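Q: Below are the structure tokens for one structure; questions will follow.
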Amino acid sequence: MKSIVAVIDWYGPYTIEAARSASKFDYDDGLYMVMGKTKGQKLKKLQYIGIASDLHVRLNGKHHAIPKVSRESEFWLGEVASPRTPAKKMKVTDRLLDLAEWAHVYLLELPLNTKKRSSPPDREIIVYNRWWKKNYETPYKKRPHKDWPDFLEYAGPDYGSKMVWFGSRQVAHEPE
């Protein structure tokens, strides 16, 4: 099976309040990335990525992971910029969003994501991340965090995976 490609446009950074407000008017389904510090951490890190069919509803005070990140956290809202895979919708969650989230969780080993960290995505996927300012028009010249790659590829159990940071480094994971 060939890899599918997800181009994700990320907008931010937002506070939780600003992310809720922006998601109410500008987003329907999508991804959200939380950066910040958890108890005992001195440096801001990528902590959690999530998906929602309604971002405004999901970014609430009842979230299981968000309260574990400090008040100085940053939120990035992501939407799929590439065409979505045409197919009959079998789940409430869009398949491309699900795979993009899964690739981030698995390859980045995000600490507050537990479910999708233990096994690779069930399908080959390539994710290209792009970051934009909150005006939705101005791209960032640098990624928002040094650990957030521009490019992720999970090529299947026989081929391993890659993460690429344009202009700086590349990490490849070979199959076992």
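Here, each number is a calculation from the coordinates, and none is a lab measurement. Keep in mind it's a predicted model, so treat the numbers as computed, not measured. Here the Cβ positions follow ideal geometry from the backbone for every residue, glycine too, while neighbour counts run over all protein chains shown.
Q: Express the relative contact order of the chain as a whole percentage, based on alpha carbon pairs under 8 Å and six or more residues apart in sequence.
A: After rounding, I find 26 percent.
Q: Still on this model: Using the crude model of +1 on Lys and Arg Cβ and -1 on Asp and Glu Cβ, and no other charge, please compute the dipole size for the chain relative to its Cα centre, in debye to 20.
A: Once rounded to the nearest 20, the dipole reads 580 debye.
Q: With a 10 Å radius around each residue's Cβ, average the other Cβ atoms per peptide and rank 141-154, 6-19, 94-107, highest first.
A: Ranking, from highest mean packing down: 94-107, 6-19, 141-154.
Q: Let me ask something additional. HN-Hα J couplings of the stretch 95-108 from phi, Karplus 6.51/-1.76/1.60, θ = phi - 60°, integer Hz, Gly and Pro as x?
A: Working through the residues one at a time gives 4, 5, 5, 4, 5, 5, 4, 4, 4, 4, 4, 5, 6, 8 Hz.
Q: So what's the back-of-envelope 222 nm ellipticity for the chain, counting only DSSP H runs of four-plus at -39500 (n - 2.57) apiece and dividing by all residues, rounded to 500?
A: The helix-only estimate for the chain comes to -5000 deg cm²/dmol at 222 nm.
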